[in-house]
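Some notes on the structure that comes next.
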Amino acid sequence: MRLIFLGPPGVGKGTQAQRLSAQQSIPKISTGDILREAVLKKTPLGVQAKSFMDSGKLVPDEVVIGIIRARLKETDSKEGFILDGFPRTVPQAQALTSMLRQDQRSIDRVLNFELSNDELVRRLSGRRSCPNCQAVYHLEYSPSQKPELCDRCGGKLIQRSDDQPETIRKRLEVYRSQTLPLIRFYEEQGVLVRIDGSGPPETVYQRVTAALG
Ligand code: AP5
């Protein structure tokens, strides 16, 4: 199963991808997670990406295409993968098509998650994450048991630097101008499925598995 999870910031792509990845034993490949780890470790990639991410802009295409090209060569992706947050522009999607074609592979399904703008802002504003193990919480919808501490590893939870109101606005704007055209791109290839992203994670997950069944 080779899948893309598409949709605006905060729609719940990462939450759903995490669950499906565990259930299907295929890797979840998130460019956002890879970039955040690089920023945390202050690698040359992280130093280059930080200012784009903090201002809600996209990291340049050639950088993220390079990350995915290397990642898809790893053996764990041979049986399938879930791409979470990539591609995000038409040039990224074209590059992905051609790198998969070189290995006689293609994308099976693109799940496009949809949600109202107000709910996107609510999900992003209340998100808290663990920088150690990448676990994701929400102050209202899925709080950790002890305030500000990760249930899984005990790490101190943080609010992502790009989950501030001004940056959220910018990310939603960037999504509309640069990522929305991908819906058409994949619709024309006959692989796009629309998923209603509203309701609790469990309900959304049932829609995901139904769409893949
Ligand atoms: P990235 O990390 O990919 O961020 P994003 O696409 O903006 O998506 P998010 O992680 O914000 O949201 P999500 O849909 O995964 O939601 P989640 O499951 O966490 O990218 C960050 C930055 O990196 C970009 O701005 C860019 O700079 C750079 N970047 C990354 N990829 C790139 C690329 N390909 N090209 C160029 N630049 C790139 O859920 C959100 C919250 O809601 C959580 O608190 C969660 O607990 C809660 N929640 C989830 N589902 C539900 C539900 N059903 N009900 C209630 N609450 C829910």
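Collect the residues in segment 178-203 that are assigned to a loop (DSSP other than H, G, I, E, B), of a type in the set (A, V, I, L, M, F, W, C) and within 18 Å of the chain's Cα centre (by Cα), keeping them in residue-number order.
180 - this is the single residue of segment 178-203 that is assigned to a loop (DSSP other than H, G, I, E, B), of a type in the set (A, V, I, L, M, F, W, C) and within 18 Å of the chain's Cα centre (by Cα).
List the number of the failed condition for residue 67; all other conditions in (1) more than 7 Å from the ligand (Cβ to nearest atom); (2) under 26 Å from residue 208 (Cα atoms); (3) β-branched (Val, Ile, Thr) hold.
(2)
When you scan segment 49-60, do you find a residue that is in contact with a strand residue (DSSP E or B) (Cβ under 7 Å, 6 or more places away or on another chain) and in contact (Cβ under 8 Å) with a residue 40 or more places away in the chain, even just one?
no
All but one of (1) near the ligand (Cβ under 10 Å from one of its atoms); (2) not in a helix (DSSP H, G or I) hold for residue 152, so report the exception by its number.
With (1) near the ligand (Cβ under 10 Å from one of its atoms); (2) not in a helix (DSSP H, G or I) applied to residue 152, the lone miss is (1).
Got a number for residues in segment 12-38 being within 17 Å of residue 162 (Cα to Cα) and more than 10 Å from the ligand (Cβ to nearest atom)? Step through it out loud before you land on a result.
Narrowing segment 12-38 to residues within 17 Å of residue 162 (Cα to Cα): 12-14, 30-38.
This time we only want the ones that are more than 10 Å from the ligand (Cβ to nearest atom), so: 37-38.
Residues that pass the stated criteria total 2.
Within segment 107-151, track down each residue that is farther than 30 Å from residue 94 by Cα, in contact (Cβ under 8 Å) with a residue 24 or more places away in the chain and of a type in the set (Gly, Ala, Ser).
125, 129, 142
Taking segment 98-137 as the region of interest, how many residues are away from the ligand (no atom under 13 Å from the Cβ) and touching a Cys at 6+ places or on another chain (Cβ under 7 Å)?
Total satisfying the criteria: 2.
Taking the conditions exactly as written (among the polar types (S, T, N, Q) and under 22 Å from residue 19 (Cα atoms)), does residue 117 satisfy them or not?
no
Going by the conditions given, is residue 95 more than 10 Å from the ligand (Cβ to nearest atom), under 24 Å from residue 25 (Cβ atoms) and either loosely packed, with under 15 Cβ neighbours inside 10 Å or over 15 Å from the mean Cα position of the chain (by Cα) (or both)? Spell out the reasoning first.
Working: more than 10 Å from the ligand (Cβ to nearest atom): yes; under 24 Å from residue 25 (Cβ atoms): no; either loosely packed, with under 15 Cβ neighbours inside 10 Å or over 15 Å from the mean Cα position of the chain (by Cα) (or both): yes.
It is false that residue 95 is more than 10 Å from the ligand (Cβ to nearest atom), under 24 Å from residue 25 (Cβ atoms) and either loosely packed, with under 15 Cβ neighbours inside 10 Å or over 15 Å from the mean Cα position of the chain (by Cα) (or both).
Which residue, of 79, 62, 74, is out of contact with any helix residue (DSSP H, G or I) (no Cβ under 8 Å at 6 or more places or on another chain) and within 12 Å of the ligand (Cβ to nearest atom)?
62
Which residues, taken from segment 108-130, are more than 22 Å from residue 161 (Cβ to Cβ) and under 16 Å from the mean Cα position of the chain (by Cα)?
Result: 109, 110, 111, 112, 113, 114, 115.
Provide a single number: the residues in segment 158-174 that are within 11 Å of the ligand (Cβ to nearest atom) and under 16 Å from residue 40 (Cα atoms).
Here the count works out to 4.
Go through segment 156-213 and report how many residues are touching a helix residue (DSSP H, G or I) at 6+ places or on another chain (Cβ under 6 Å) and polar (S, T, N, Q).
Residues flagged as touching a helix residue (DSSP H, G or I) at 6+ places or on another chain (Cβ under 6 Å) and polar (S, T, N, Q) within segment 156-213 amount to 1.
Just one of (1) without any contact (Cβ under 8 Å) to a residue 40 or more places away in the chain; (2) crowded, with 22+ Cβ neighbours inside 10 Å; (3) not aliphatic (A, V, I, L, M) trips up residue 5, so point out which.
So residue 5 meets the others, but not (1).
Give me the pairs, please: first residue somewhere in segment 197-209 and at pLDDT 95 or above, second residue anywhere and near the ligand (Cβ under 7 Å from one of its atoms) and among the aliphatic types (A, V, I, L, M), beta-carbon distance under 7 Å, and either six or more positions apart or on two chains.
Cβ pairs passing all conditions: 197/11; 197/204.
The values are calculated or read from the model by the stated rules, or taken from the named source; none is laboratory data. Quick caveat: nothing in here was measured; it's all calculated off a predicted structure. We place every Cβ from the backbone using ideal geometry, glycine too, and count neighbours over all the protein chains shown.
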